[in-house]
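Trainee: Can you read through this structure? Questions will come right after.
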Amino acid sequence: MKKTYFLLALSLCLQYTIPAQTASSGNLKTSFSVQELSKTFWNTGDGVPYKSVPGANLGITSFEQMDKNRTALLSDASNEIRIMNSATGKTSIKFSVMPTPRDFAYDNGNFYVLNENQVNVYDENGKNVKSMPFPNTLVGVGRIARYNNTTWLLLPSGNSVELETGTAKKGWITASGNFVAAVLKNTNAYAVSITTTDGKYDTKLFTTDKKTAGVYIVGSTTDRVVLDVQTYISESPIQVERHLVSIRLSSGVMGELVSDVKVPDCYYVLSDKEFNLNKDGSVTHMITAPDGLHLFSLTETELTKAKSYPSSVTAVKYHFNDHLLQMNEQK
């Protein structure tokens, strides 16, 4: 299971008073329809880099949709940003960044790259525009976001800190400016809370058929909250099932769970950001598989018209830990 530290931090740091109303994913009439955008092979001239080192599989740690035609990839295998054509999967531009990048955001023509204790800003030509350090007290930061010309550090606790001012907020800020948080409440339930840009607050309890393992924020728009919900298939050994779900949002109030799609359980490398919620409500999903990097577009549609992930991806049950175990066995 991924991001266990985040799950524990959420359980310890976020407490809410939850109304009695609950919601379930059963009897949904809509789902996400899946379309493959591109496939890019590892370690080819115009592809994406991959490298195995002791204790880690390095590849693409994060990605950003720059526009309809361009996808930016952040590589911790080669310490660089690559801009590729979203349809062909071929790299057109690449440039170096500071070593061991963790995450990045693209905003107004600049890339904001998160490192251990600072954010480095690059233009689209790779020029280092400026660096913004942050205090060592903010340890373990793995995600970054931009909103309204400000930079936000998304903390493992589930909260956000504005880098420019040090202002802290509950929840992770999303591209819409809403702050969203999620916390496990009991064996088969999780609570979601939202604070909108105009200060409205709402919280709601949702249930799962299987025991809930973790809930992670993908993003929000003006009318949706999107989550990565993981439930246990087995606790020993640990195996989880992942679902991308969307919740209706109207005037800052959350409604029912609208759409749900099972997501392939395939991680060839450990990526900090696998989903990107776009302004039009569609979701771009990056999957790292043994044969390369796959980009998929997920769009809400009627359940009877929804297309699933291809069997070439769903059939692969590959976790990056499997590869590390193989390396250790060879020694």
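Each row is one residue, and each column tells you yes or no for (1) more than 15 Å from the chain's Cα centre (by Cα); (2) modelled with pLDDT of 95 or more.
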position: PRO156; (1), (2): no, no
position: THR167; (1), (2): yes, yes
position: PHE206; (1), (2): yes, yes
position: ASP209; (1), (2): yes, no
position: GLN239; (1), (2): yes, no
position: ILE247; (1), (2): yes, yes
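Trainee: Only one of these is modelled with pLDDT of 95 or more and touching a Pro at 6+ places or on another chain (Cβ under 8 Å): VAL129, VAL97, VAL121, VAL113. Name it. Walk me through it before giving the result.
Mentor: On the way: VAL129 fails: touching a Pro at 6+ places or on another chain (Cβ under 8 Å); VAL97 fails: touching a Pro at 6+ places or on another chain (Cβ under 8 Å); VAL121 fails: touching a Pro at 6+ places or on another chain (Cβ under 8 Å).
Every option except VAL113 fails the conditions.
Trainee: Further, regarding this structure: For LYS273, indicate whether it is among the basic types (Lys, Arg), assigned to a loop (DSSP other than H, G, I, E, B) and over 30 Å from THR195 (Cβ atoms). I'd like the intermediate steps shown before the answer.
Mentor: Details: among the basic types (Lys, Arg): yes; assigned to a loop (DSSP other than H, G, I, E, B): yes; over 30 Å from THR195 (Cβ atoms): no.
No.
Trainee: Return only the number of the condition from (1) touching an Asp or Glu at 6+ places or on another chain (Cβ under 9 Å); (2) surrounded by fewer than 22 Cβ atoms within 10 Å (Cβ to Cβ) that ILE247 does not satisfy.
Mentor: Just one mismatch for ILE247, condition (2).
Trainee: Mind listing whichever residues of the range 205-227 are of a type in the set (D, E, K, R) and in a loop (DSSP other than H, G, I, E, B)? So that I can check it myself, show each step before the final result.
Mentor: Kept after step one, since they are of a type in the set (D, E, K, R), are these residues of the range 205-227: 209-211, 223-224.
Answer for the range 205-227, where residues must be of a type in the set (D, E, K, R) and in a loop (DSSP other than H, G, I, E, B): ASP209, LYS210, LYS211, ASP223.
Trainee: Here's something else I'd like to know. Only residues in the range 125-153 that are under 19 Å from GLY109 (Cα atoms) count as the first member; pair them with residues that are assigned to a loop (DSSP other than H, G, I, E, B) and not charged (D, E, K, R), Cβ under 7 angstrom, at least 6 apart or cross-chain, and list the lot.
Mentor: MET132/LEU163; TYR147/ALA175; TYR147/GLY177; ASN148/GLY177; THR151/LEU163; TRP152/LEU163
Trainee: Here are some residues: ILE217, ILE238. Which one is in contact with a strand residue (DSSP E or B) (Cβ under 9 Å, 6 or more places away or on another chain) and surrounded by 22 or more Cβ atoms within 10 Å (Cβ to Cβ)? Outline the logic, then answer.
Mentor: Working: ILE238 fails: surrounded by 22 or more Cβ atoms within 10 Å (Cβ to Cβ).
Residue meeting the stated conditions: ILE217.
Trainee: Pick from the range 41-68 the residues that are buried (at least 19 other Cβ atoms within 10 Å of the Cβ), in contact (Cβ under 8 Å) with a residue 40 or more places away in the chain and not in a strand (DSSP E or B): which of them is nearest to the chain's Cα centre (by Cα)?
Mentor: Checked the range 41-68; the qualifying residue nearest to the chain's Cα centre (by Cα) is GLY59.
Trainee: Continuing with this model, one more query. Can you tell me which residue within the range 169-204, out of those that are among the polar types (S, T, N, Q) and part of a strand (DSSP E or B), is modelled with the lowest pLDDT?
Mentor: The first filter runs over the range 169-204 and keeps only residues among the polar types (S, T, N, Q), leaving 174, 176, 178, 186-188, 193, 195-197, 203.
Narrowing further to those that are part of a strand (DSSP E or B): 186, 193, 195, 203.
Values: ASN186: 85, SER193: 98, THR195: 98, THR203: 98.
Step by step, filter the range 169-204, then rank; the result is ASN186.
Trainee: Quick one: would you say ASP107 is among the charged types (D, E, K, R), farther than 21 Å from ALA289 by Cα and modelled with pLDDT of 95 or more? Lay out the reasoning, then the answer.
Mentor: Values: among the charged types (D, E, K, R): yes; farther than 21 Å from ALA289 by Cα: yes; modelled with pLDDT of 95 or more: yes.
Judged against the criteria, ASP107 is a match.
Residues checked against (1) modelled with pLDDT under 85; (2) touching a His at 6+ places or on another chain (Cβ under 9 Å):
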site: LYS3; (1), (2): yes, no
site: PHE6; (1), (2): yes, no
site: LEU14; (1), (2): yes, no
site: SER31; (1), (2): no, no
site: LEU37; (1), (2): no, yes
site: TRP42; (1), (2): no, no
site: GLY45; (1), (2): no, no
site: VAL48; (1), (2): no, no
site: GLY55; (1), (2): yes, no
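Trainee: In this structure, is LEU28 among the hydrophobic types (A, V, I, L, M, F, W, C), in a loop (DSSP other than H, G, I, E, B) and within 30 Å of VAL258 (Cβ to Cβ)? Even if it seems obvious, please write down each step before you answer.
Mentor: Values: among the hydrophobic types (A, V, I, L, M, F, W, C): yes; in a loop (DSSP other than H, G, I, E, B): yes; within 30 Å of VAL258 (Cβ to Cβ): yes.
Yes, satisfied.
Trainee: Filtering the range 128-184 down to residues that are of a type in the set (Ser, Thr, Tyr) and in contact with an Asp or Glu (Cβ under 7 Å, 6 or more places away or on another chain), which residue is surrounded by the fewest Cβ atoms within 10 Å (Cβ to Cβ)? Step through it out loud before you land on a result.
Mentor: As a first pass, look at the range 128-184 and keep what is of a type in the set (Ser, Thr, Tyr): 131, 137, 147, 150-151, 157, 160, 165, 167, 174, 176.
Next cut, in contact with an Asp or Glu (Cβ under 7 Å, 6 or more places away or on another chain) only: 150-151.
Numbers: THR150: 14, THR151: 20.
Ranking the qualifying residues of the range 128-184, first place goes to THR150.
Trainee: Something else about it: With respect to the numbered conditions (1) outside any helix (DSSP H, G or I); (2) at pLDDT below 95, which one is the sole condition not fulfilled by MET327?
Mentor: Status for MET327: all satisfied but (1).
The values are calculated or read from the model by the stated rules, or taken from the named source; none is laboratory data. What you are looking at is a predicted structure, and each value in this text was computed from that prediction instead of being measured. For neighbour counting, all protein chains shown are included, and Cβ atoms are generated from backbone atoms with ideal geometry for every residue, glycine included.
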